[in-house]
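**Student:** Below you will find the structure I want to go over with you.
What follows is calculated from the coordinates using simple rules that are stated; it is not laboratory data. Only a predicted model underlies this, so the values are computations on that prediction, with no experimental measurement involved. FYI the Cβ positions are ideal-geometry reconstructions off the backbone, even for glycines, and counts take in every protein chain you see.
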Amino acid sequence: MAIYGYARCSTSEDKQDINRQIRELKTAGAEEVIFEYEHGDAKVKKNLHMLLDMATAGDTIITLEVSRLSRSTQQLCEIIDTIREKHLRLIIVGSITIDCRNGQTDPMSEAFLQMAGVFSQLELAMIRARVKSGIHIINHSDPGSLSSGIAIGKATCHNRSGTYSKNAGLKKSPVHRIFR
């Protein structure tokens with residue numbers, strides 16, 4: 001009976017480091033870790049499907065969060081069905097365990113996992129809405145304004161902190177301390 005870990009990041013290895021997930025999965029007991037770079041709601045997660053196909057009755061799959069498996073409630077329900085049909089155990093580290101090695105699942109654990117999936121899907125929708133809003137603001141604001149998202153980092157001159165103080169209706173000294 002094998003113990004597999006599954007890790008996933010949404011963006012490429014150039015932008016996100018998956019090594020933290022791999023280390024934590026090995027610490028949790030994973031003998032082999034399968035990982036991929038794919039969006040959480042992608043219809044096809046090639047390596048996750050490969051893992052579910054190669055797992056045999058009695059095996060365990062460990063992941064760190066429900067959102068690593070899927071950010072789609074429908075996809076998560078399909079994964080739970082596969083776990084049940086193949087008599088596997090799914091461990092969400094520090095959260096929920098679905099043990100279907102006897103062919104059944106605890107209804108309460110399954111319900112909690114599905115609710116976690118709903119919140120994972122909600123979180124993705126909220127992230128996308130914030131990104132869309134930010135892009136809209138950048139595309140429709142004055143390039144010199146603070147809301148344009150162009151000016152980043154720490155102000156380096158006294159004059160700038162004075163301008164911020166004046167615009168915010170504050171004395172120069174408290175604002176100057178922030179920008180030092």
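**Student:** Calculated FRET efficiency, GLU65 and ILE137, Cβ-Cβ r, R0 25 Å, to nearest 0.05?
**Tutor:** E between GLU65 and ILE137, to the nearest 0.05, is 0.25.
**Student:** Need one word for the stretch 3-128: rounded, prolate or oblate. Basis is the Cα gyration tensor (sqrt eigenvalues a ≥ b ≥ c); a/c below 1.5 gives rounded, then a/b vs b/c decides.
**Tutor:** Verdict is oblate for the stretch 3-128.
**Student:** Once Lys and Arg get +1 and Asp and Glu get -1 on their Cβ, which of GLY58, ILE3, SER72 lies farthest toward the positive end of the dipole of the stretch 3-128?
**Tutor:** The Cα lying farthest towards the positive end belongs to SER72.
**Student:** If r is the Cβ-Cβ distance from ARG20 to MET126 and R0 is 30 Å, what FRET efficiency results, to the nearest 0.05?
**Tutor:** Between ARG20 and MET126 the formula returns 0.85.
**Student:** Let me ask another. Which residue, chosen from LEU122, SER109, VAL93, occupies the Cα position most advanced towards the positive end of the dipole of the stretch 80-133, where the dipole is computed from +1 (Lys, Arg) and -1 (Asp, Glu) charges on Cβ about the Cα centre?
**Tutor:** In the stretch 80-133, that residue is LEU122.
**Student:** Okay, next question. Using a basic spin-label model with each label point 7 Å from the Cα along Cα→Cβ, how many nm lie between VAL44 and GLN74?
**Tutor:** About 1.7 nm separates the two model spin labels.
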